[in-house]
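Peer 1: One structure, pasted below without further comment.
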Amino acid sequence: MKNQERLHHYKKYLELKGYQKSSIRGLLKRAELYEAKTDNPSLSLKPSTLQLYYYQKKTYLHYLSEVEKEVHYLQEEHHKKEVLPIDIVSIAEIEELLKSCKDVRDKVVLVCLYSLGLRLSEVSNIELEDIDRENKLLLVKKSKTKRQRQVLINKRSLEIITEYIETERPINTGNKLVQGIQGNLTPDGIYQVLKRIIQRTRIKKRIYPHLLRHSIASHLLQRGMELEQISKLLGHSSLESTQRYTHIEVRSRNLAIRSK
């Protein structure tokens, strides 16, 4: 860790400990002296400065020996958590999930979560007027990022959604797309539908809504779609949120190579 970065963390540490601003300035000054003298042992200090340096540096030394060590540990653990591989849902498993759907409504839930990469709340909030069947587009108006986005509906998903609207969806039940026995399905209601779909399969892997978003992103990457396009599809506020899916694709390729 560079000196300036270490001193910045030390300042934050002192602030959290409740030191006064004037005390922090003094302690930082002594810490800067300590860093300077560590880098250059021949550096000469005035007797008065040297006395204060030795008196106040113990606070900084405690920070270096105990607190910063803990910070490094936490950062390493956080990094480990970030790079844990994700076992995505395979195309074959997606097909098995589709076959286990008991009706077209269940298929709509599945294609919205997987093929369209929607969040639970976004599926729950889809209104009939949001679906442009002619242009194969879905307008996502209420998202986690508070930004509207358009999602391209592929042919198979559009056929499933159209079949549901024209044959199974209850009439006179409001404007929301996905309906249950008692009306509009809530995000939790949609999650319960997904869990029942999974229970009817032989898949042992733990499958949850966000894993389906990871999976479609990975599959699209493998098919050559640009990361920027995937980011727009998923409604991410920045590319950083999408870039972790590149690790999934690389891992999948490595596993495939090792299995040959």
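The numbers here are math on the coordinates, done by the rules we state, and not lab data. Nothing here was measured: the structure is a model prediction, and the numbers come from that model. Cβ coordinates were reconstructed from backbone atoms using ideal geometry, including for glycine residues, and neighbour counts include every protein chain displayed.
Peer 1: If R₀ is 51 angstrom, what is the calculated FRET efficiency for the pair residue 192 and residue 24, using the beta carbon separation as r and rounding to 0.05? Don't jump to the answer; show the numbers that get you there.
Peer 2: Details: r = 53 Å, r/R0 = 1.03.
E(calc), rounded to 0.05, equals 0.45.
Peer 1: Separate question: How high is the FRET efficiency from residue 154 to residue 129, r the C-beta distance, R0 25 Å, rounded to 0.05? Mind dumping the intermediate values first?
Peer 2: Values: r = 21 Å, r/R0 = 0.82.
Efficiency computed from Cβ-Cβ geometry: 0.75.
Peer 1: For each of 220, 152, 116, count neighbouring Cβ atoms within 10 Å of the residue's Cβ, then give the residues from fewest to most. Could the numbers behind the result be given before it?
Peer 2: Numbers: 220 19, 152 15, 116 23.
In increasing order of surrounding Cβ atoms, one gets 152, 220, 116.
Peer 1: Based on the alpha-carbon gyration tensor of region 126-181 and its eigenvalue square roots a ≥ b ≥ c, which shape applies: rounded if a/c is under 1.5, prolate if not and a/b is larger than b/c, or oblate?
Peer 2: Values: a/c = 2.35, a/b = 1.25, b/c = 1.87.
Taking the square roots of the gyration eigenvalues as a ≥ b ≥ c, region 126-181 is oblate.
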